[in-house]
Each structure stands twice: as C-alpha cells, then as structure tokens.
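Here is the structure we will look at.
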Amino acid sequence: MTAYWMARVNVTDQDGYGEYAKRAGPAIEMHGGTFLARGGRTVSLEGQEFGRNVVIKFDSVEQALACYNSPEYQEALSFRWDSADRNVCVVEALE
C-alpha cells in the first residue's frame with residue numbers, strides 16, 4: 001500500500017544541507033521514491049513552523065524504510081546531522 005515519507009526541516013547550515021540534498025535525492029529516487037513536494041510555499045496553521053517541507057511517495061512503508069536504511073541514504077544523512085533540525089515520518093495511505 002502506498003506510503004508517504006514526510007519531512008519538516010529547519011536548515012541551520014546551507015552548505016551542509018546542500019551536500020545532504022545532493023546525495024539524498026538520487027538515493028531516494030534509486031529506491032523508488034517520487035518527490036511530491038520539495039520546499040515550496042508553506043502555510044503553517046498549527047504547531048511549530050518549519051522552513052522546508054518535503055513529501056515523498058513510495059509504494060509501501062517497507063520500501064520507504066528500506067530507502068531510509070540504505071547505505072546510499074545513510075551516507076547522505078552524514079551531511080544532515082549538523083546542518084538541519086527536522087522531523088521525519090512515514091505514513092501509510094488510505095486504501
């Protein structure tokens with residue numbers, strides 16, 4: 001069943017986050033992810049505001065988790081840890 005990987009991000013180091021993004025995009029696409037939203041205009045209605053929001057579609061929760069845990073994505077994450085604060089989750093779609 002379709003799943004969505006959702007990330008809410010506040011970038012603290014543009015250069016470091018740029019290195020993460022340069023590697024993460026290809027890793028995600030290599031593992032079947034399709035970007036539906038990547039940055040763009042956001043209107044926060046409740047809760048903490050984030051400067052960047054990303055939504056990625058996968059064929060399943062398992063596929064999204066396999067991508068996150070892949071060597072390619074983990075290598076990208078090594079550039080993320082000191083360059084952004086974020087919340088990330090994967091949610092299964094309704095049938």
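Values in this text are rule-based calculations from the coordinates and carry no lab data. Computed from a predicted model, the values in this text were never measured in an experiment. So basically every Cβ, Gly included, is an ideal-geometry build from the backbone, and we count neighbours across all protein chains shown.
Listing for the model above:
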read-out	value
Extension gain, ASP85 back to ASP59 (0.36 nm per residue minus Cα-Cα distance, nm)	6.7 nm
Net charge of Cβ neighbours under 12 Å - reference ALA64; Lys, Arg +1; Asp, Glu -1	-2
Semi-axis lengths (Å, descending) of the ellipsoid that matches the C-alpha gyration tensor of the chain	20, 18, 10
Those GluC sites (Glu not before Pro) in region 22-76 that DSSP places in a loop and that have at most 13 other beta carbons within 10 Å	GLU46, GLU49
Helical mean residue ellipticity (222 nm; -39500 (n - 2.57) per DSSP H run of 4+; nearest 500) of the chain	-11500 deg cm²/dmol
Dipole of region 31-95 [Lys/Arg +1, Asp/Glu -1 at C-beta], most positive-end residue of GLN74, PHE50, SER60	PHE50
Total formal charge among the other residues, if their Cβ is under 14 angstrom from that of GLU49, Lys/Arg +1 and Asp/Glu -1	+2
